[in-house]
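Report on the following structure.
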Amino acid sequence: MKHALIIGGGPAGLMAAETLLDAGHAVILAEAKPSLARKLLMAGKSGLNLTKMETADRFLAAYAGDGEALKPMLDQFGPSQVKTWAEALGQETFTGSSGRLFPKSMKASPLLRAWLRRLTDKGLQVRTRWRWVDWQDGCLRFETPEGAADQHPDAVVLALGGGSWARLGSDGSWGGQFVQNGLDFVPFAPSNAGLVIDWSQHMTRHFGSPIKNAIFKAGHTMQRGEAVISARGLEGGGIYPLSPALRENAELEIDLFPDQSVEALTQKLSKPRGKQSQANFLRKTLRLAPQTLALASEMQRPLPQDPATLAGLLKALPIRHQGLRPLDEAISTVGGVPLDSLTKGLMLKNKPGIFCAGEMIDWDAPTGGYLLTACLATGLWAGQHAAQFLNEA
């Protein structure tokens, strides 16, 4: 029996561990935190979005430029396999109107408990509070509550996470070890992140209010949805998918009336205003929500009086901002291990027997189940190829 070591106890690491156990190998999983899958549990607090039930082509397109590299992994473990996997763990699922798949419990904890029980029954050995600090000549050293501990595994799967939500375990500190060992590493950058906006005082009363049913545009990307006005700026499903373009300093515009043309808006705005203030006229004529009117006024003060000019502004409202939220506040990150530094089996080309999985690999995806699915898929893939490596050693 060969000995495999998994470092990182999130979904990718757990999937790799189960795959190696099923292949008949002894597996130790080392996790720096006191418990496993803490980021998964946090995601489950607001309803655990497991995946998105859509065609393979549409699903793969969400990964944009990384789709080709991830395709064999997602073909093997895509939305339908995620559904089967969750239900095999006793979690009945349902598909929402947008195609997103959730467990009926809307929580991660029942699924995680069932998964950990199954892994324990298969023989998984878990070492919590083990922080990986060094590797030399096949020896991996950990800081543990009992002091330094060395491991000499026959194969390793690294599932160390990205660079966001450091308090949950993904602090990205492992990048320093990669650099010290002469391995390729792309610095982390935020993805699926909100925007920082320095609001004026008059926006305070609108904090927590949504900008609904709008189209958000940055570069060549557009997303229909909503965003919430927060004390820090704008956040939500309308903003997050634009992160790649916004990282490249693309300008952001919002079409506040996606179902109406500039001409139609101009016609409405050309009606006599009488003694009404412009604000009241806009609320009544366009049914403009107070927070939406406030956002427009914040970005363009005073608002144009000319109907055609104002209509054009409401169809393409430029948003002044100070960039994406800090790395640690992002839902996910890009950066990490470049895909071209890995073999097709996700093994480091310069470190035979060491595989990578999950968010530590430099790929990007929007929210909506794509992140979790790819973490599970890459964990399975890395585990399978690590098992193959052990069998051939």
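The values are calculated or read from the model by the stated rules, or taken from the named source; none is laboratory data. None of these values were measured; they are calculated from a predicted model. As a convention, Cβ positions derive from the backbone with ideal geometry for all residues, glycine included, and neighbour counts pool all protein chains shown. What goes into the accessible areas is simple: the full protein's heavy atoms, side chains included, and nothing from ligands, DNA or RNA. Shrake-Rupley method; radii C 1.70, N 1.55, O 1.52, S 1.80 Å.
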Test: residue in the range 229-241 that is open to solvent by less than 20 Å² (accessible area, probe 1.4 Å), on the phi > 0 side of the Ramachandran plot and in contact (Cβ under 8 Å) with a residue 40 or more places away in the chain: yes
Residue tally, condition closer than 25 Å to LYS107 by Cα and free of Cβ contacts under 8 Å to residues at least 40 places away in the same chain, over the range 38-80: 2
Tally of residues being open to solvent by 20 Å² or more (accessible area, probe 1.4 Å) and part of a loop (DSSP other than H, G, I, E, B) across the range 171-181: 3
Meets criteria (crowded, with 19+ Cβ neighbours inside 10 Å and of a type in the set (S, T, N, Q)) for ASN249: no
Selection within the range 145-162 - under 23 Å from LYS2 (Cβ atoms) and assigned to a strand (DSSP E or B): ALA149, ASP150, GLN151, ALA155, VAL156, VAL157, LEU158
Residue that is farthest from ALA16 (Cα to Cα) [pool: residues in the range 120-144 that are part of a strand (DSSP E or B) and of a type in the set (Lys, Arg)]: ARG141
Top-ranked residue of the range 52-83 - restricted to ones that are among the basic types (Lys, Arg) and in contact with a Leu (Cβ under 8 Å, 6 or more places away or on another chain), ranked as farthest from ILE361 (Cα to Cα): LYS83
Those residues of the range 241-256 which are in a loop (DSSP other than H, G, I, E, B), under 30 Å from PHE188 (Cβ atoms) and of a type in the set (A, V, I, L, M, F, W, C), in sequence order: ALA250
Total residues in the range 331-373, condition hydroxyl-bearing (Ser, Thr, Tyr) and closer than 19 Å to VAL82 by Cα: 3
Residue within the range 297-304 that is on the phi > 0 side of the Ramachandran plot and open to solvent by 10 Å² or more (accessible area, probe 1.4 Å) present: no
Those residues of the range 257-283 which are under 39 Å from the mean Cα position of the chain (by Cα), surrounded by 12 or more Cβ atoms within 10 Å (Cβ to Cβ) and in a helix (DSSP H, G or I), in sequence order: VAL262, ALA264, LEU265, ALA279, LEU282, ARG283
Pairs where the first residue, in the range 363-385, is more than 14 Å from LYS52 (Cα to Cα) and the second is in a loop (DSSP other than H, G, I, E, B) and of a type in the set (D, E, K, R), C-beta under 9 Å, 6+ apart: HIS385/LYS344
Residues located in the range 24-61, provided they are closer than 19 Å to GLY163 by Cα, more than 15 Å from the chain's Cα centre (by Cα) and outside any loop (DSSP other than H, G, I, E, B): ALA30, GLU31
Among residues of the range 182-197, those that are in a loop (DSSP other than H, G, I, E, B) and in contact with a strand residue (DSSP E or B) (Cβ under 8 Å, 6 or more places away or on another chain), counted: 7
The one condition in (1) of a type outside the set (Gly, Ala, Ser); (2) crowded, with 21+ Cβ neighbours inside 10 Å; (3) touching a residue at least 60 places away in the same chain (Cβ under 8 Å); (4) farther than 30 Å from GLY353 by Cβ that GLN91 fails to fulfil: (3)
ALA86 being farther than 18 Å from ILE361 by Cα and either in a helix (DSSP H, G or I) or among the hydrophobic types (A, V, I, L, M, F, W, C) (or both): yes
